[in-house]
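Right, one structure below, let's go through it.
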Amino acid sequence: MKDKCVFCKIANGETLAAVVFEDDGSLAFLDHRPLFPGHCLLMPKKHFETLGDLPKELIAPFFSATQLLARAVELALDAEGTFVAMNNRVSQSVPHLHVHIVPRRRKDGLKGFFWPRKKYQSTDEIENIRGKIVRAIQRLNSPLGT
């Protein structure tokens, strides 16, 4: 399965993605069909299908990265909050553990779980959003956190 997994190919550099974050164990990139611009997917670099498969020693660093990315998406996009979610098998379009971090605003139109997804309009839009999130991560990781 790992040989055919699109997320493993992204982690190995075989498939391009708009990467916004990378550390020793995880990688985050912009979803190619976001709910809203800035919708990111964070995944472990190693192949684990579900949260239950993630070794205990990787849980804390993975969710620290999740927290950082949620804060960065809010900061970068002036969002009022984020929606952070994970599917395990059911509705998991790629069988590689990943967390969705979606910027949210009050009255943004999302209700329940029937959400329209759209592709980015251009590579320039992708790069603009990616750059904002990367800069926000750098700010949040700076010694002063600002």
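The values are calculated or read from the model by the stated rules, or taken from the named source; none is laboratory data. None of the values given here were measured: they were computed from a predicted structure. Heads up, the Cβs are rebuilt from the backbone with ideal geometry, glycines too, and the neighbour counts pull from every protein chain shown. When the accessible area is computed, the model is the full protein with side chains, heavy atoms only, and any ligands, DNA or RNA have been set aside. Shrake-Rupley method; radii C 1.70, N 1.55, O 1.52, S 1.80 Å.
For the reader, a short list of remarks on this structure follows.
- Leu27 meets each of the listed conditions (1) touching a residue at least 24 places away in the same chain (Cβ under 8 Å); (2) crowded, with 17+ Cβ neighbours inside 10 Å apart from (1).
- Among the residues making up the range 34-62, those that are open to solvent by 50 Å² or more (accessible area, probe 1.4 Å) and closer than 19 Å to Val90 by Cα are Glu49, Leu51, Gly52, Asp53.
- The residues of the range 43-100 that are among the aliphatic types (A, V, I, L, M), in contact with a Cys (Cβ under 8 Å, 6 or more places away or on another chain) and under 22 Å from Arg135 (Cβ atoms), listed by number, are Leu69, Val73.
- Counting the residues of the range 37-61 that are of a type outside the set (Gly, Ala, Ser), under 12 Å from the mean Cα position of the chain (by Cα) and over 19 Å from Lys9 (Cα atoms) gives 2.
- Residues (among the acidic types (Asp, Glu) and either surrounded by 17 or more Cβ atoms within 10 Å (Cβ to Cβ) or under 19 Å from Phe21 (Cα atoms) (or both)) located in the range 63-83: Glu74, Asp78
- Residue in the range 84-94 that is part of a loop (DSSP other than H, G, I, E, B), modelled with pLDDT of 95 or more and open to solvent by less than 60 Å² (accessible area, probe 1.4 Å) present: no
- Taken over the range 7-24, the criterion of being within 25 Å of Lys132 (Cβ to Cβ), open to solvent by less than 70 Å² (accessible area, probe 1.4 Å) and either touching a Gly at 6+ places or on another chain (Cβ under 9 Å) or not in a loop (DSSP other than H, G, I, E, B) (or both) is satisfied by Phe7, Ile10, Ala11, Val19, Val20, Phe21.
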